[in-house]
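Data first, discussion second: the structure below is written as structure tokens.
Bear in mind these aren't lab numbers, they're just calculated from the coordinates by the rules spelled out. Predicted model only: the values in this text are computed from it and were never measured. In this analysis, Cβ positions are derived from the backbone assuming ideal geometry, glycine residues included, and neighbour counts consider all displayed protein chains.
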Amino acid sequence: MQDTKRRDFLGMALGGVAAVGAVASLYAMKRSWDPLPSVVSAGFTTFDLSALQEGILHTVEWRGKPVYILKKLANAQKVEGRDFEVGGALYTVGIQICTHLGCIPSFNQASQEFACACHGGRFDASGVNEAGTPPPRPMDIPPFKIDGTKMVLGEEGQEYKALLEVKKA
Ligand code: FES
């Protein structure tokens with residue numbers, strides 16, 4: 001009788017240890033399959049467009065590059081192939097790297113344009129290079145997706161594809 005109880009107890013204890021070990025090893029395996037947090041954040045950057053104020057440039061890092069997002073002024077003209085609408089407001093996005101030789105242009109809030117200090121390059125608020133200045137083309141648009149008021153950099157959504165279509169036409 002005593003022996004039976006002891007065997008039952010040992011059996012349950014060993015079973016418990018085995019179950020804990022199995023859960024721990026499954027957890028360890030899952031952790032090794034999952035991408036590192038740094039990889040996830042390097043691939044996608046998400047932020048809320050509703051936090052932006054008109055005419056004030058917001059810069060985030062995406063895959064090691066500076067990306068600007070600008071909610072354009074209410075009286076600004078829509079630049080086809082560069083601007084998109086969310087909730088009735090115009091936004092524009094681009095990789096803030098000069099297409100001349102790769103410097104980082106700064107944004108002048110008063111004039112709503114970018115100026116590159118390296119060789120005098122200029123871009124308008126939508127990232128389009130100004131004629132007569134060194135940059136040969138507009139700043140690049142990163143792939144992005146709009147999900148409600150959230151922008152996800154790194155995914156190709158319909159707004160991004162629509163901008164590309166205008167560029168091709
Ligand atoms: S790198 Fe910007 S103008 Fe030359």
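Amide H neighbours of Arg122 under 5 Å, at least 5 residues apart or on other chains, H built in the peptide plane: list them.
Residues meeting the amide H criterion: Cys116, Glu130.
Collect residues whose amide H, placed 1.01 Å from N in the peptide plane, falls under 5 Å from the amide H of Lys150; neighbours closer than 5 in sequence don't count.
Long-range HN contacts for Lys150: Leu49.
How many times 2.2 N^0.38 Å is the alpha carbon radius of gyration of the stretch 91-169?
1.16
Would you mind ranking Leu70, Leu49 so that the residue whose beta carbon has the fewest other beta carbons within 10 Å leads the list?
Ordered by Cβ neighbours within 10 Å, fewest first: Leu49, Leu70.
If you take every residue apart from Gly81 with its C-beta less than 14 Å away from the C-beta of Gly81, what net charge results, scoring Lys and Arg +1 and Asp and Glu -1?
-1
Place a +1 charge on the Cβ of each Lys and Arg in the stretch 42-168 and a -1 charge on the Cβ of each Asp and Glu, then give the dipole magnitude about the Cα centre in debye, rounded to the nearest 20.
Dipole of the stretch 42-168, to the nearest 20 debye: 200 debye.
Output ³J(HN,Hα) for the stretch 122-128: one whole-Hz value per residue in order, computed from phi by the Karplus curve 6.51 cos²θ - 1.76 cosθ + 1.60 with θ = phi - 60°, and x for Gly and Pro.
9, 9, 6, 4, 8, x, 8
Taking every pair of alpha-carbon atoms in the stretch 78-126, what share in percent sits in each 5 Å bin, from 0 to the bin with the longest distance?
5, 20, 26, 22, 16, 7, 3, 1
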